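Some notes on the structure that comes next.
Bear in mind these aren't lab numbers, they're just calculated from the coordinates by the rules spelled out. Note that this is a predicted model, so its numbers are computed, not measured. Cβ atoms come from the backbone with ideal geometry, glycine included; neighbour counts cover every protein chain shown.
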Amino acid sequence: MHRLSRRQLLPLLGTLAPAGVRAQNQPYDLLIRGGRVIDPSQSLSAVRDVAVTDRKIVRVAENIAPGQARVVIDARGRYVTPGLVDIHVHVYDGVAPLGIPADPNCIAKGATTVVDAGSAGAATFPGLRRMVIQNAETRVFALLNISLIGQSTVTEDHPWGELLDLRHVNVKLAQKTIEQNRDVIVGMKVRLSRQIAGDNDLKALDLAREVADAAGLPVMVHIGDTASPLSSIVGRLKKGDVITHSFHGRPQGILNDRGRVHDFVLKAVDNGVNLDVGHGRGSFAWKVMDAAMKQGVTPGTISSDVHQFNVNGPVFDLATTLSKFLHLGMSLEQVIERATIRPARAFRFPHQPGTLRVGAEADIAVFEMREGDFPYEESSSGTGTPEIRMGHRRLMPVATVKAGRIYGNAAIPVVRI
């Protein structure tokens, strides 16, 4: 917590009544004061104060008296958003090959709600629930991998994917796992790249589809370098399903040989299939993004796919991924929409993420917009040397609130009255 001088405190707190009286007139547990609130769920982009009581957003208004709150965060000159929602991360730390700790890489970076995208399958899910979901400060949900063993990454040391042998798929056990964990499993995940599924891609997708349909849940499909044409994969998807790694530069991508977005992709989007970014280590290509956006095709959701092989670059975190889309010409409001209310609607979460509406769970992120020269690297394997573009703005998380409680030590002034 920052120690502020009396001169610094006075403009922040205003004129306060004596302590005994003030205690009776403090209806708010927390007040985030003076920031530019960007909440696409309410079409709001303006300077506002946000008040929290009993874990909930209770008021969003101008000039709420700071003396009415027990704790005040000074957000002047900064941006206040709903807690970010990242629907593609890997946080089965110490077990799944890609896993990293959730809290220092998610909630500490402004992402209060995340979805682990298939690190665990039916045989390994109990550990994910017990060791991560039940212990992390970050709100962690999961997509169940159609493979029993969960994710098996592909590296030089272990070039075997989890779907090369479909004996690792058990539909009944997957269905049972979902029914036992409906509070935290929000969909199915299937990785279809040739190294992971070989020639089994369509069979694996059909099995994931069977489980998802029985449970009434969507499927997230990992595309790129597939044995089967993308048209056959996309043709099996339904409204509410998610294509992740949508903007990679490898074979079987969303662009045809002329650089145009495939008609079948456009049709799928029109039918309610969500194009998710899933930046990752090999799935964000500047030229693909340029071509798609020039044709009016933008991501439905922006996710990081942060894991142990990209957390130190080029992904780093969701905020950095969002900054790349600012460089691509999207507005801050458009970027925040794709990391809050849109991903919140992609899956059926038991709480209300992605919004600062009165009555919603008080998950809030505060950012600074740094200006300077920031090298932003793509991550699209198979296209030669990664292209680096120089951006001039970067979103930097400086405070996160989950359920009305400040996580860690905020990097901006916090006053406890």
- line: Mean Cβ-within-10 Å packing, highest first, puts peptides 400-410, 330-340, 157-167 in the order 330-340, 400-410, 157-167
- line: Per the helix-only model, the chain has a calculated mean residue ellipticity at 222 nm (DSSP H runs of ≥4, -39500 (n - 2.57) each, divided over all residues, rounded to the nearest 500) of -6000 deg cm²/dmol
- line: Phi-derived 3J(HN,Hα) across the stretch 403-409 with the Karplus relation (6.51, -1.76, 1.60, θ = phi - 60°), rounded Hz, x for Gly and Pro, is 6, x, 10, 6, 8, x, 10
query: Of the peptides 128-137, 98-107, 217-226, how do they stack up when ordered by the mean number of other Cβ atoms within 10 Å, highest first?
result: 217-226, 98-107, 128-137
query: Which of the peptides 195-201, 268-274 is most tightly packed, and how do the rest follow, going by the mean number of other Cβ atoms within 10 Å of each residue?
result: 195-201, 268-274
Solution diffusion estimate, µm²/s, Stokes-Einstein, the chain, Kirkwood Rh from C-alpha pairs, 20 °C, viscosity 1.002 mPa s: 98
